Amino acid sequence: DNDTISTLEVRGDTLVVGSKYGVAFSTNRGKKFKVYRAKLDPLSADLVVTHTVLNSTDTTANRYGLTGDFVPAMAVRNVGTGLAEVWFSGRPVDFGTSGMSKTWVDPAGRFKLLSMNQTDFAWNFEFVGDTVYAATNAGLLKHVGVGSTDTAQVWDTISFVDVATLDTLIAPGTPVYAVKKSGNYLWVGTNDGTVRIDNLGNLRLFTPVDSMTSKDEVYAFPVPFFPAEGDEVDFHFVVDQPGAVT
């Protein structure tokens, strides 16, 4: 009411009003206005959507959103033509289950969440073309699909087997905590070491060894570990003679 109008334009039934607090548009000769204001704070959100486990899931309509109320991972996936998906990993604290979801826009233009996995939660995501990789406690999962038409909850588990020797580098079911594409390689972090996969599917395993210390002398495994989840750490010592160690 106390603002100063600095400009006013009328085109038929449309009114455009300009002031230092924003631009107001009316398409019915001033009966109702919609005001647009500039976002002056570069750290503020462009869009806020308040989704929770309870309001994003409707089992009667077979619609699932956030799977759990704790989100350990979130990532943006570009799908072309200026569009993007946001992927979420969920696990329960008070509500929900473990799983993974992504955003999509329905035909009516409404912003929604779609469950893509209702079994495993991811520690992080990586996107390579049409492929989504998810680092999970059950291993490295792989899903292929793009855009809102991709609704199939189909995931494959990557086997860490050397294609030349057929040796198993990482046992099936070993937790995977990280996956990252860098150059021609896909790097995968596990409890038993880091696996590097090239574009041809060749694997190489890197294990943590101090460059100044023999790997047979001392090590702790696994690192990191999670005592809150019941994990334990094993310390391995090699000594020259029987005795106590610290």
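The values are calculated or read from the model by the stated rules, or taken from the named source; none is laboratory data. In this text the structure is predicted, and so the values were computed from the model without any measurement. For neighbour counting, all protein chains shown are included, and Cβ atoms are generated from backbone atoms with ideal geometry for every residue, glycine included. Calculation scope for accessible area: heavy atoms of the full protein, side chains included, ligands and nucleic acids excluded. Shrake-Rupley method; radii C 1.70, N 1.55, O 1.52, S 1.80 Å.
Residues to consider are 245, 209, 176, 238; find the one that is modelled with pLDDT of 90 or more and among the β-branched types (Val, Ile, Thr).
None of the others qualify; the one that does is 176.
Which of (1) loosely packed, with under 12 Cβ neighbours inside 10 Å; (2) farther than 19 Å from residue 199 by Cβ does residue 163 not meet, given it meets every other one?
Only one criterion is unmet by residue 163, namely (2).
Would you tally the residues in the stretch 26-55 being surrounded by 10 or more Cβ atoms within 10 Å (Cβ to Cβ) and within 30 Å of residue 93 (Cβ to Cβ)?
Result for the stretch 26-55: 6.
Can you tell me how many residues within the stretch 97-111 are open to solvent by 60 Å² or more (accessible area, probe 1.4 Å) and at pLDDT below 85? Give the steps one after another, and end with the answer.
From the stretch 97-111, those open to solvent by 60 Å² or more (accessible area, probe 1.4 Å) are 97, 104-105, 107-108, 110-111; that's our starting set.
Still in the list and also at pLDDT below 85: 104-105, 107-108, 110-111.
So the answer is 6.
What tally of residues in the stretch 136-158 results from selecting those that are charged (D, E, K, R) and at pLDDT 80 or above? Show your work before the answer.
The initial filter retains those residues of the stretch 136-158 that are charged (D, E, K, R), namely 142, 150, 156.
If we keep only those that are at pLDDT 80 or above as well, we get 142, 156.
Qualifying residue count for the region: 2.
I need the strands (runs of 3 or more DSSP E) fully contained in the stretch 18-96, keeping only those with at least 2 residues that are at pLDDT 85 or above, within 23 Å of the chain's Cα centre (by Cα) and farther than 30 Å from residue 3 by Cβ. So that I can check it myself, show each step before the final result.
On the way: elements: 22-26, 34-36, 68-80, 83-96.
Filter on the stretch 18-96 gives 68-80, 83-96.
Kindly list the number of the only condition in (1) part of a loop (DSSP other than H, G, I, E, B); (2) more than 22 Å from residue 78 (Cβ to Cβ); (3) modelled with pLDDT of 90 or more that fails for residue 196.
(1)
How many residues are open to solvent by 90 Å² or more (accessible area, probe 1.4 Å) and in a loop (DSSP other than H, G, I, E, B) when one looks only at the stretch 226-246?
6
Test residue 192 against the criterion of being open to solvent by 50 Å² or more (accessible area, probe 1.4 Å) and either among the charged types (D, E, K, R) or without any contact (Cβ under 8 Å) to a residue 24 or more places away in the chain (or both), and give yes or no. Steps first, answer last, please.
Numbers: open to solvent by 50 Å² or more (accessible area, probe 1.4 Å): yes; either among the charged types (D, E, K, R) or without any contact (Cβ under 8 Å) to a residue 24 or more places away in the chain (or both): yes.
The answer is yes for residue 192.
Need pairs with beta-carbon distance below 7 Å; first residue open to solvent by 40 Å² or more (accessible area, probe 1.4 Å) and within the stretch 122-133, second not in a strand (DSSP E or B); sequence gap 6+ or separate chains.
Close Cβ pairs (under 7 Å, with a partner that is not in a strand (DSSP E or B)) amount to 130/145; 130/146.
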